[in-house]
Amino acid sequence: MANFNIIDYVTIATTGNATDFGDRLNSDAKTRLSGACASSTRGVMGGGIDVNIIEYVTIATTGNSQDFGDLTAARYALTAAASPTRGVFFKGYNVTNTMDYITIASTGNATDFGDDQAGPNAYQGACSNGTRATMGGGNAASNIIAYVTIASTGNSTDFGDLTVGRYNPATLSGSA
Amino acid sequence: MVNRSGVWDLRQVGVNEVNQLWKVPPPLNYGARGIFVGGYNSGGVPLNVIDYINISSTGNAQDFGDMNVLTKGENGGLAGGSRGVIGGIHGGDGVGIINNISFITTSSTGNASDFGDLTQARSQLCSFSSGSRGCFAGGFD
């Protein structure tokens with residue numbers, strides 16, 4: 001078993017194999033179980049095994065990630081979602097209900113967003129429609145979905161239930 | 001700008017050409033429909049279920065379709081426009097970590113299909129997209 005600092009990319013509109021993009025800052029266990037979000041130009045990755053590191057890449061170019069700043073607390077198995085300007089990192093192991101946010105276009109440390117009291121603390125999945133972020137699934141095979149309004153700060157609110165409770169779903173959002 | 005007959009003014013056509021105003025905007029990296037793919041139940045059994053929600057409303061998720069491979073989660077999802085892409089799949093005990101990348105069409109419901117392969121089989125990665133380009137970062141095997 002090994003940890004990888006690989007970054008791959010695909011062109012979404014075209015099927016085919018992934019291509020090497022560059023490397024993440026760290027080459028050890030810190031590069032797994034991170035959370036990630038993006039604007040249309042910048043991808044941001046935060047957390048990892050017991051680290052608070054936030055790093056970023058410019059998606060249109062290839063190259064290694066660079067330091068962005070720090071989360072408010074080190075954690076892993078967190079998840080993230082974004083509006084075009086703001087990224088939010090949700091929970092993770094080593095914290096209980098912490099949500100942090102960043103301004104994607106600038107660099108700097110994350111700021112406290114509020115508390116997610118609705119769902120489990122780790123292994124959730126998150127996605128957004130640009131204004132609202134939803135978080136679902138997680139520890140104890142949770143079926144809870146909760147949401148926050150990204151432009152504001154504040155605590156999460158109940159959204160509804162998944163059809164099947166589960167750990168660690170992959171999440172995405174696209175056009176309906 | 002068009003005239004009353006619906007014909008473009010030649011000068012405006014020139015302005016549009018020079019400023020690339022005809023260009024189709026790139027797909028967004030987010031959308032109205034949120035999708036939850038795979039995961040594992042409390043017994044550690046990988047699931048192929050795909051659910052969806054309408055993010056702007058509240059309510060329970062609905063069935064979207066199935067993954068083309070069982071996935072224990074620990075993977076990443078990203079999207080551009082109406083295409084969602086999933087990579088970094090752990091197939092559960094007996095299958096292990098595979099390099100498959102799958103895709104779905106978010107605007108319809110249905111099962112996932114094969115997209116291609118990651119450069120390295122791994123899970124526990126994270127993922128993000130610009131709308132046209134998607135990245136899978138880090139991971140573990």
Of all residues in segment A:35-58 being of a type in the set (Ser, Thr, Tyr) and in a loop (DSSP other than H, G, I, E, B), the one that is nearest to A:Thr79 (Cα to Cα): A:Ser39
Looking at A:Thr72, A:Thr111 in this structure, which one is surrounded by fewer than 17 Cβ atoms within 10 Å (Cβ to Cβ), β-branched (Val, Ile, Thr), over 22 Å from B:Lys72 (Cα atoms) and modelled with pLDDT of 95 or more? A:Thr111
With respect to B:Val85, determine if the residue is in a strand (DSSP E or B) and among the hydrophobic types (A, V, I, L, M, F, W, C). yes
Filter segment A:1-45 down to the residues that are buried (at least 21 other Cβ atoms within 10 Å of the Cβ), more than 7 Å from every other protein chain (Cβ to nearest Cβ) and over 22 Å from A:Ala60 (Cβ atoms) and list them by number. A:Lys30
Subset of segment A:132-156 [at the interface with chain B (Cβ under 8 Å from one of its Cβ atoms) and either surrounded by fewer than 20 Cβ atoms within 10 Å (Cβ to Cβ) or among the hydroxyl-bearing types (Ser, Thr, Tyr) (or both)]: A:Thr134, A:Ala140, A:Tyr147
If we keep just the residues of segment A:112-137 that are touching a strand residue (DSSP E or B) at 6+ places or on another chain (Cβ under 6 Å) and of a type in the set (Ser, Thr, Tyr), which is nearest to B:Gly44 (Cα to Cα)? A:Tyr123
Quickly run through segment B:28-75 and pick out the residues that are in a loop (DSSP other than H, G, I, E, B), buried (at least 16 other Cβ atoms within 10 Å of the Cβ), more than 7 Å from every other protein chain (Cβ to nearest Cβ) and at pLDDT 90 or above. B:Leu28
Of the numbered conditions (1) crowded, with 24+ Cβ neighbours inside 10 Å; (2) facing chain B (nearest Cβ under 10 Å); (3) within 22 Å of A:Val164 (Cβ to Cβ), A:Gly87 satisfies every one except a single condition; which is it? (3)
So, in segment B:88-109, of the ones that are more than 9 Å from chain A (Cβ to nearest Cβ), out of contact with any His (no Cβ under 8 Å at 6 or more places or on another chain) and part of a loop (DSSP other than H, G, I, E, B), which residue ends up farthest from A:Tyr123 (Cα to Cα)? B:Ser108
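The values are calculated or read from the model by the stated rules, or taken from the named source; none is laboratory data. As the structure is a computational prediction, the values presented were derived from the model and not from experiment. Methodologically, a virtual Cβ is constructed for each residue, glycine included, from the backbone with ideal geometry; neighbour enumeration extends over all protein chains shown.
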